[in-house]
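Report on one structure; see the data block that follows.
Each reported figure results from applying straightforward, stated rules to the coordinates on display, with no laboratory input. Small disclaimer: the values here were computed from a predicted structure and weren't measured. Counting neighbours? That spans all protein chains shown, and the Cβs are built from the backbone with ideal geometry, glycine included.
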Amino acid sequence: MSRFDQGRDRQLRWIAGRQIYLDWENFLWDSDDWSEAVALALARESGLETLSPTHWAVIHFLRDFYSYHGRAPMNKEIKQGTGLNLMELERLFPQGIKAGAKRLAGLPNPKACL
Amino acid sequence: MTAACAQLKDAQHMIYLDNAATTYPKPPHLLAQMAALYGRIGASPGRGSHDMAALAEEYIRQARVKLAAFFGAPDPARVIFTANATDSLNLAIQGLVQPGDHVIATRLEHNSVLRPLYHLQREKQITFTLVPFDGHGVVDPQAIAAAFLPRTRLVIVNHISNVLGTVQPVEEVGEICAAHGIDFLVDGSQSAGQIAVDMGAIKASAVAFTGHKSLYGPSGIGGLVLHPDLYIRPTRFGGTGIDSRDRMHTDYFPYRLEAGTPNLLGIIGLSLSLDYLLSHGIEQQHSRQMALMERLASGLLEINGIKRYSPGGASRNSAMLTVNIDGMASQDVAAILDGDFDIAVRAGLHCAPLVHEDLGTSERGAVRFSIGQFNTEAEINRTIAAMAMIAKQHS
């Protein structure tokens, strides 16, 4: 059966001592389930044993922006808000910008295009 | 490219390479002309008892004549205006198939074909067969013929793949369909305005097109061009401005397949953009864009870590190129191109999931560059340099 025919379901997993729903790409199903402990647990799964101050600054910028505006920041907003260019940001997280930074920040999985 | 457009693009500092999604910018002065004309004749076409309504209706009639000539269609009354190509394809598919019918399409199709087919199959109305494409991104017409069943009613082919950019052999498919008495629907979303789409030459029963891609019109307008012999049921019913006493929707074309107030502003924009295209020469523009595409392709292929999915060979290609950078999510590449380099592309599955399934890119998608009339060699060179920088930084 092709991916086209499959539904996209959530999965219940133990993360940082709690049972949390994640989607098929391990994004938080409910952004309110985020905590720093959850972020650290997801980071360790992606190969980051610790999160540096720069990591946390990016994560908190993304969360604060989402919380205030009700949407994820656009590309140039990310640059302005983090002080990093996007190439640097992509290198900072092992899984890149979307599956790395945005996922660890607990932002919803963007529905566009995939 | 005109000096005005060059200035505008410089001022905006953006390199727009997403013309397969929609063309940008539109031709100089088009939007202003569109608004000005709408300001002069913007009545409800054919629905008032005054000259302005009659003028508006006449403008639309002339637009149908222009489009019929453009698509090599014999009857302007069979040029049906819709909201876009998706609307056209839905109108055609749902108006042509009957319960129990079999439909043949390809694995290159856009969701605007796939989703109606999957929906009708789920509703147990039809069955369908999807013919694969080869390593050159092209469907074999004989494979389509081999898929015919006694209840095959319709064949649908995407004229140019919106992922691979490959031009499909619609002339051969049309011949086969005509020989078997099977209707042939061509999705001209990417081809109309880039290459010739002549209904007679390709023996198409119907061609679906959209106004806002290579026809350089505004969004919100498209069309379905029909062969006069094609029987198609209406699937929308309502006011047409004629035969108002009749409780039943009219059988007269084009109103048979149109209901409600037409998108006059969109039709004006489409008509004006068609004038622009024809005055600048579609073939010359296409040749220019293909030269830029070849420059982009050869430049990207020199970069370590770039994988190209669009097969080479200009005779079967359009001005579109799809690639990935090893180890990078396609959406991250697109984000970096946009955020760091002001280059607009499209990443993901491009609403054509089966193409990506067959390419092995279902999980990550791919990055598509699509060149338009107003792109320049300098922009292509900057794009190559940007991709080189991204690939090097990541490796």
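Between B:GLY217, B:GLY95, B:GLY266, where does the largest GNM mean-square fluctuation fall for chain B, given springs only between Cα atoms within less than 10 Å?
Result for chain B, Cα springs under 10 Å: B:GLY95 fluctuates most.
Ignore the peptide's own chain and count Cβ atoms of other chains within 10 Å of each Cβ in B:326-336; give me the average, rounded.
Numbers: counts 0, 1, 3, 8, 3, 9, 12, 4, 5, 11, 9.
Mean partner shielding for this stretch: 6.
Gaussian network model of chain B, Cα springs within a sub-10 Å range: biggest mean-square fluctuation belongs to which of B:ASP358, B:ASP229, B:ASP326?
Looking only at B:ASP358, B:ASP229, B:ASP326, the largest GNM fluctuation is found for B:ASP229.
Express the relative contact order of chain A as a whole percentage, based on alpha carbon pairs under 8 Å and six or more residues apart in sequence. Working shown, then result.
Working: 124 pairs, mean separation 31.1, N = 114.
About 27 percent, as a whole number.
For B:ALA68, what charge total do you get from the other residues with a beta carbon under 14 Å from its beta carbon, if Lys and Arg give +1 and Asp and Glu give -1? Could the numbers behind the result be given before it?
Details: positive: B:ARG61, B:ARG64, B:LYS66, B:ARG78; negative: B:ASP75, B:ASP198.
Net charge in that neighbourhood comes out at +2.
Compute the longest continuous run of chain B that contains no exposed trypsin sites (Lys or Arg not before Pro); treat a site as exposed when its DSSP state is not H, G, I, E or B and it has at most 13 other Cβ atoms within 10 Å. Before the final figure, lay out the partial values.
On the way: sites that count: B:LYS124, B:ARG151, B:ARG245, B:ARG247.
Longest gap between qualifying sites, sites excluded: B:248-395.
Eigenvalues of the Cα gyration tensor times 5, then square-rooted: what semi-axes does that give for segment B:242-319, in whole angstrom, largest first?
Working: eigenvalues 412, 59, 25 Å².
Equivalent ellipsoid of segment B:242-319: 45, 17, 11 Å, largest first.
Pull out a ≥ b ≥ c, the square roots of the eigenvalues of the alpha-carbon gyration tensor of segment B:1-138, then state rounded if a/c is under 1.5, prolate if not and a/b is larger than b/c, and oblate in the remaining case. Write down the numbers at each step before the final one.
On the way: a/c = 2.67, a/b = 1.31, b/c = 2.04.
Because a/c hits 1.5 or more and a/b fails to exceed b/c, segment B:1-138 counts as oblate.
Where both residues lie in segment B:141-273, what percent of DSSP beta bridges are antiparallel, nearest 5? Can you show the working numbers first?
On the way: 6 of 15 bridges.
Within segment B:141-273, antiparallel bridges account for around 40 percent of the total.
Starting from the amide H of B:ILE126, placed 1.01 Å from N in the peptide plane, find each other amide H under 5 Å away whose residue is 5 or more places distant or on another chain.
B:GLY100, B:GLN121
Run through segment B:295-372 and list the GluC sites (Glu not before Pro) located in a DSSP loop whose Cβ has at most 16 other Cβ atoms within 10 Å. Provide the component values of the computation, followed by the final result.
Values: sites: B:GLU302, B:GLU357, B:GLU363; in loops: B:GLU302, B:GLU363.
Those that pass, being in a loop and sparsely packed, are B:GLU302, B:GLU363.
Evaluate peptide A:71-81: per residue, the Cβ atoms of other protein chains within 10 Å of its Cβ; return the mean as an integer. Provide the component values of the computation, followed by the final result.
Numbers: counts 0, 0, 0, 3, 8, 4, 1, 2, 2, 1, 0.
The shielding value for this peptide is 2.
Please give the net charge around B:ILE384, taking every other residue with its beta carbon less than 9 angstrom from that of B:ILE384, where Lys and Arg add +1 and Asp and Glu add -1. Kindly include the intermediate steps, with their values, before the conclusion.
Values: positive: B:ARG295, B:ARG382; negative: B:GLU302.
Every neighbour counted, the sum reads +1.
Using Cα-Cα distances under 8 Å and only pairs 6 or more residues apart, what relative contact order does segment B:252-395 have, in percent?
Answer for segment B:252-395 is 27 percent.
So if each residue of separation counts as 0.36 nm, and I subtract the Cα-Cα distance between B:GLU302 and B:HIS280, what length gain in nm does that give?
Numbers: separation 22, 0.36 × 22 = 7.92 nm, distance 3.33 nm.
This chain segment gains 4.6 nm when fully extended.
How long is the gain from B:HIS119 to B:GLU377 if the chain were fully straight, where each residue apart is worth 0.36 nm and the alpha carbon distance is subtracted? Before the final figure, lay out each step's value.
Working: separation 258, 0.36 × 258 = 92.88 nm, distance 4.38 nm.
Contour length minus the Cα-Cα distance gives 88.5 nm.
In whole Hz and in residue order, list the ³J(HN,Hα) couplings for segment B:340-356 that follow from phi through the Karplus curve 6.51 cos²θ - 1.76 cosθ + 1.60, θ = phi - 60°; x for Gly and Pro.
For segment B:340-356, the Karplus curve yields 9, 10, 6, 10, 9, 9, 10, 10, x, 9, 6, 6, 10, x, 6, 4, 5 Hz.
Could you name the aspartates and glutamates whose alpha carbon sits less than 16 Å from that of B:LYS203, not counting residues in the same chain fewer than 8 places away?
List returned: B:ASP75, B:GLU171, B:GLU172, B:GLU175, B:ASP183, B:ASP187, B:ASP229.
Net charge near A:TRP14: determine it from the other residues with C-beta under 15 Å of the C-beta of A:TRP14, scoring Lys and Arg +1 and Asp and Glu -1. Could you put the intermediate results ahead of the total?
Numbers: positive: A:ARG10, A:ARG13, A:ARG18, A:ARG44; negative: A:ASP33, A:GLU45.
Net of charged neighbours comes to +2.
Provide the percentage of antiparallel DSSP beta bridges, counting only those with both residues in the protein assembly as shown; round to the nearest 5. List each step's numbers first, then the result.
On the way: 28 of 49 bridges.
Counting DSSP beta bridges with both partners in the protein assembly as shown, the antiparallel share is about 55 percent.
Taking the Cα centre of the protein assembly as shown as origin, sum charge times position over the Cβ atoms of Lys and Arg (+1) and Asp and Glu (-1), and report the length of that vector in debye to the nearest 20.
Numbers: 46 positive and 51 negative charges, 114 e Å.
Its charge dipole is roughly 540 debye.
Need one word for segment B:63-125: rounded, prolate or oblate. Basis is the Cα gyration tensor (sqrt eigenvalues a ≥ b ≥ c); a/c below 1.5 gives rounded, then a/b vs b/c decides. Don't jump to the answer; show the numbers that get you there.
Values: a/c = 2.51, a/b = 2.10, b/c = 1.20.
Cα axes put segment B:63-125 in the prolate bin.
Long-range amide H contacts for B:ALA347: which residues qualify at under 5 Å (H placed 1.01 Å from N, peptide plane, sequence gap of 5 or more or a different chain)?
B:ARG368
Using θ = phi - 60° and the Karplus relation 6.51 cos²θ - 1.76 cosθ + 1.60, list the HN-Hα couplings for segment B:67-81 in order, rounded to whole Hz, with x at every Gly or Pro.
With the stated coefficients, segment B:67-81 comes to 5, 4, 5, 4, 9, x, 9, x, 10, x, 5, 9, 8, 9, 8 Hz.
If we count chymotrypsin sites (Phe, Trp or Tyr not before Pro) as exposed when they sit in a DSSP loop and have at most 16 other beta carbons within 10 Å, what is the longest stretch of chain B that avoids them all?
Numbers: sites that count: B:PHE148, B:TYR231, B:PHE237, B:TYR252.
Free of exposed loop sites, the longest segment is B:1-147.
Rounded, prolate or oblate, given the Cα gyration tensor of chain B, with a/c below 1.5 counting as rounded? Write out the running numbers ahead of the final one.
Values: a/c = 2.10, a/b = 1.26, b/c = 1.67.
Cα axes put chain B in the oblate bin.
For n ≥ 4 DSSP H runs only, could you compute -39500 (n - 2.57) per run for chain B, divide by its residues and tell me the 222 nm figure to the nearest 500? List each step's numbers first, then the result.
Numbers: 13 runs with 161 residues, N = 395.
After summing the helix terms and dividing by the residues of chain B, the value is -13000 deg cm²/dmol.
Hey, any idea what Rg/Rh is for the protein assembly as shown, computing Rh the Kirkwood way over Cα pairs? Intermediate values should be presented prior to the final figure.
Values: Rg = 24.7 Å, Rh = 24.7 Å.
Ratio value, two decimals: 1.00.
Counting partner chain Cβ atoms within 10 Å of every residue's Cβ in A:98-110, what's the average? List each step's numbers first, then the result.
Numbers: counts 7, 4, 2, 1, 2, 0, 0, 0, 0, 0, 0, 0, 2.
Across A:98-110, the average partner-chain Cβ count within 10 Å equals 1.
How big is D, in µm² s⁻¹, for segment B:251-371 by Stokes-Einstein at 20 °C and 1.002 mPa s if Rh is the Kirkwood radius over C-alpha pairs? List each step's numbers first, then the result.
On the way: Rh = 17.2 Å.
Stokes-Einstein gives a translational diffusion coefficient of 124 µm²/s.
Might you report the magnitude of the Cβ-based charge dipole of segment B:284-395 about its Cα centre, with Lys and Arg at +1 and Asp and Glu at -1, to the nearest 20 debye?
Working: 10 positive and 12 negative charges, 56 e Å.
Computed charge dipole of segment B:284-395: roughly 260 debye.
For chain B, set up a Gaussian network in which alpha carbons nearer than 10 Å are linked by springs, and say which option among B:PRO234, B:PRO27, B:PRO150 fluctuates the most.
B:PRO150
Could you run the Karplus curve 6.51 cos²θ - 1.76 cosθ + 1.60 with θ = phi - 60° over segment A:26-39 and give me ³J(HN,Hα) per residue in whole Hz, x for Gly and Pro?
6, 8, 4, 5, 10, 4, 6, 7, 6, 8, 5, 5, 5, 4
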